[in-house]
Amino acid sequence: MSYVPDPQRPQWPQEAERMVQEQIVARGVRHPRVLAAMRAIPRHWFVRPEDQAWAYRDGPLPIGYGQTISQPYIIARMLELLDPKPHEKVLEVGTGSGYQAALLGLLADEVHTVERIPELAAQAAERLARLGLDNVHVHVADGTLGWPQAAPYDGILVAAAAPQVPQALLAQLADGGRLVIPVGHRHGQVIERWTRQGDTFLRETFDPVAFVPLIGQEGWDESSWSS
Ligand code: SAM
């Protein structure tokens, strides 16, 4: 992985390095390939032009349509828990800006990412194409149902808060596959990791988080989230 030059923001590799050291390594993420990917993807290409100066700061940012690009640390932590291997096929639910999908594109062999808002999916696809990440496939659909066309997956990462684990996602895990997902209610969730071993699923819990809702058939409906 090498740096993408950007004459408009030549200092971005230093900004990304500080982000990695001060926000991610400092909080205990050690996965070398995840850290290398976060140094290699220009995060400022995934935010609105007026927010580029804040792209490497320690927090989420709005990306329009009421959605956010997640905090760098949370993205790194979820990728570390997913632990995608170079030969694996993974699914992301909640493309948003496309930033985490780009990281997955460096970490895995084949990536499918599903977004319910067509305008966000289109922007993300453009950004991924600009980076030449042709192993990342963007789909517009209800991701609570997964993306059965390319299943099974070695890893599934959900980037929005679910009321419970969607059964469709568990069903699309390969044997040995991992599902990383924030589960809870609108005031807060916990990151869960489900690992498939044959017909049984091991559940582990990790950090408390606060995500936007996963809206769909096996998620929230918009009215129950905001009431
Ligand atoms: N990973 C993203 C990034 O790097 O920018 C951030 C994702 S953002 C926190 C959550 C995204 O999930 C939003 O773009 C939202 O529209 C999407 N989303 C919510 N429910 C969904 C569903 N059922 N299927 C697909 N996408 C969904």
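The values are calculated or read from the model by the stated rules, or taken from the named source; none is laboratory data. The structure displayed is predicted, hence computed values, not measured ones. Quick note on the areas: whole protein, heavy atoms, side chains included, nothing else; ligands and nucleic acids left out. Shrake-Rupley method; radii C 1.70, N 1.55, O 1.52, S 1.80 Å.
Under the rule a/c < 1.5 gives rounded, and otherwise a/b versus b/c splits prolate from oblate, where does the stretch 31-89 land using the Cα gyration tensor?
prolate
For the stretch 12-226, with every protein chain kept in place, what is the accessible area per residue (1.4 Å probe, Å²)?
Computed with neighbouring chains in place, this is 41 Å² per residue.
Could you tell me what percent of the accessible area of the stretch 142-227 is made up of carbon and sulfur, with a 1.4 Å probe and every protein chain present?
52 percent
Expected output is a single nm value to one decimal: the length gained when fully extending between residue 39 and residue 21, i.e. 0.36 nm times separation in residues minus the C-alpha distance. What is it?
Using 0.36 nm per residue and subtracting the Cα-Cα distance, I get 5.5 nm.
Using just the helices of the chain, give the 222 nm mean residue ellipticity in deg cm²/dmol: DSSP H runs with n ≥ 4 each add -39,500 (n - 2.57), and the total is spread over all residues, rounded to 500.
Roughly -7500 deg cm²/dmol at 222 nm, from the helical runs in the chain.
Under the 0.36 nm per residue contour assumption, what length would be gained going from the current alpha-carbon distance of residue 210 and residue 185 to full extension?
8.1 nm
Given axes a ≥ b ≥ c from the Cα gyration tensor, I'd like to know whether the stretch 12-226 is rounded (a/c under 1.5), prolate (a/b larger than b/c) or oblate.
It comes out rounded by the Cα gyration axes.
Contour minus end-to-end for residue 50 and residue 200, with contour as 0.36 nm per residue of separation and end-to-end as the Cα-Cα distance?
Fully extending the segment from residue 50 to residue 200 adds 49.3 nm.
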